[in-house]
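Only the coordinates and a few stated rules stand behind these numbers; no lab work does. Because the structure is predicted, anything quoted here is derived from the model rather than measured. All Cβ positions, even for glycine, are placed from backbone atoms using ideal geometry, and neighbour counts span all protein chains on display.
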Amino acid sequence: MLYGVSVMLPGRGMTPGRHPEQRRMGEETTKRSCLCQSYVAATECAAIAAGRWLGRGDEHGARDSATVAMHGALDELPIDARVVIGGPEDEDGVEVTDLRVGQGGLRVDLAIDALEGAEVVARGGTGAMSMIVAGEPDTVPALPDMYMRKMAVGPVGKGRIDLRKPIGDNVAAVAEAFGRKPNDITAIVLDRPRHHDLLEELRDAGARIKLIQDGDVTSTINAAIRGTNDHIAVGIGGSRQAIIASAALMCLGGEVQAQLWPTSRTEIEAARESGIIDTERVFLTPDLAPKSAIAAATGISNGDLLRGVRYLGDSARTHSVVMCTRCNRVRFIDGIHFHDRDRREEVRLLG
């Protein structure tokens, strides 16, 4: 049987398409040739570097270490990548744009958050992680760097939310999707003064509320994964974080809706210069996520989704997740990274 060729079956006409076994083999070939798991090496390096700054009160030191480690790992990959979001800063604190990384090869665009939750790491908090998103060239949106209102749910609540409606209506819709009451639904919100009215509306709706100190991307992903006990992420966060989170939720089958939240005339003009005339437009997941998205993340400090880095006598242990629309797969990875070849400790099962 020739791969991908129509075959005459006894007593039947020509049958188009491939045999199910051929289709399965083709899918496995795609997964083997995809570089999605290679990006985890970059988030692991960044997490190990940033984790050593836990609780030391130095946001800049943690972020710089994570950024240098991630870019060093990316330079080892067989890619020709353009860093669209998350490039290093120059001496004046201005982000370097259109930075190229990789040894050459597959052309991709990257959105990087080498340290999601720098304040969390500085004060020794929970839920910090390192994350990277890869997409086909010119498919990572170039949104202006400003706040966005956002709402995110997982596959169960997909198609039920509407950012234009009151939060009470959205809580009720998500509760109905889960077959629960509103007071059984948990909304995850950043603990910020700007969310005062939102919190009052959530309380009036009867929702449970989980306030987090930092981690806009983390909260969005948590809402799309069962077992975190979070059902909807809502609030105002950065546009960059909305893009990274949307890629992850595209892989997870969830939904993100976001809307620019400019706070000045200058930001309105910046939006128009980016081609966004209607600042009240609601962006949906396909508008925010790159095509054929890959998203990888490694925990830095313990959280509901990922364990933080643990440092042993001769190694460091990481916990990561890699998601890929091309492979149609979500994989959690427990990694042990030895400092040298002279092993002093046994490899332990994850307990």
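When every Cα-Cα distance of region 100-182 is counted in 10 angstrom steps from zero, the calculated P(r) takes the values 14, 25, 30, 26, 5, 0 percent.
Residues whose amide H comes within less than 5 Å of that of Ile212, counting only those at least five positions distant or on another chain, are Val189, Leu190, Asp191 (H built at 1.01 Å from N in the peptide plane).
With the convex hull drawn around the C-alpha atoms of region 147-288, the volume per residue stands at 97 Å³. Ala187 sits among other residues whose Cβ lies under 9 Å from its own Cβ, and their net charge, with Lys and Arg +1 and Asp and Glu -1, is +1. Amide H contacts for Trp261 (H built 1.01 Å from N in the peptide plane; partners 5 or more residues away or on another chain; cut-off under 5 Å): Tyr147, Met148, Arg149.
Quickly work out the Asp191-to-Ser274 label distance, labels modelled 7 Å from Cα along the C-beta direction, and quote it in nm with one decimal. In this crude label model, Ser274 to Asp191 measures out at 2.9 nm. Residue-wise HN-Hα couplings along region 47-58, as the Karplus relation 6.51 cos²θ - 1.76 cosθ + 1.60 with θ = phi - 60° gives them from phi, are 5, 5, 5, 6, x, 6, 9, 4, x, 8, x, 10 Hz; Gly and Pro carry x. In order along region 190-204, the phi-based Karplus estimate (6.51 cos²θ - 1.76 cosθ + 1.60, θ = phi - 60°) of 3J(HN,Hα) comes to 5, 7, 9, x, 5, 9, 4, 5, 4, 5, 5, 5, 5, 5, 5 Hz; Gly and Pro are listed as x.
Anyone know which of Val256, Val153, Val83 comes out most mobile in the 10 Å Cα GNM of the chain? In the Gaussian network model the winner is Val83.
Available extension along the chain between Ile336 and Asp162 is 58.4 nm, counting 0.36 nm per residue and deducting the alpha carbon span. Scaled to the globular estimate 2.2 N^0.38 Å, the Cα spread of the chain, given as radius of gyration, is 1.06. Note on the chain: GNM, Cα springs under 10 Å; of Glu59, Glu255, Glu201, the largest mean-square fluctuation is that of Glu201. Springs between Cα atoms under 10 Å define the GNM used for the chain, and in it the highest mean-square fluctuation of Asp214, Asp169, Asp278 occurs at Asp278. Net charge near Ser65, counting Lys/Arg +1 and Asp/Glu -1 over other residues with Cβ under 15 Å of its Cβ? It works out to a net charge of -4.
As a rough guide to protection, the peptides 179-192, 113-126 ranked by mean Cβ packing within 10 Å, highest first, stand as 113-126, 179-192. Applied to region 285-298, the Karplus parametrisation 6.51 cos²θ - 1.76 cosθ + 1.60 on θ = phi - 60° returns per-residue 3J(HN,Hα) values of 3, x, 6, 9, 8, x, 5, 6, 6, 10, 10, 9, 8, 10 Hz, with x for Gly and Pro.
Scanning residues 5 or more positions from Leu99 or on other chains, those with amide H under 5 Å from its amide H are Val83, with H placed 1.01 Å from N in the peptide plane. Take every DSSP beta bridge whose two residues both sit in the chain; close to 80 percent of them are antiparallel. Protection proxy ranking for 334-346, 137-149, 44-56, 264-276, using the average of other Cβ atoms within 10 Å per residue and placing the highest first: 44-56, 137-149, 264-276, 334-346.
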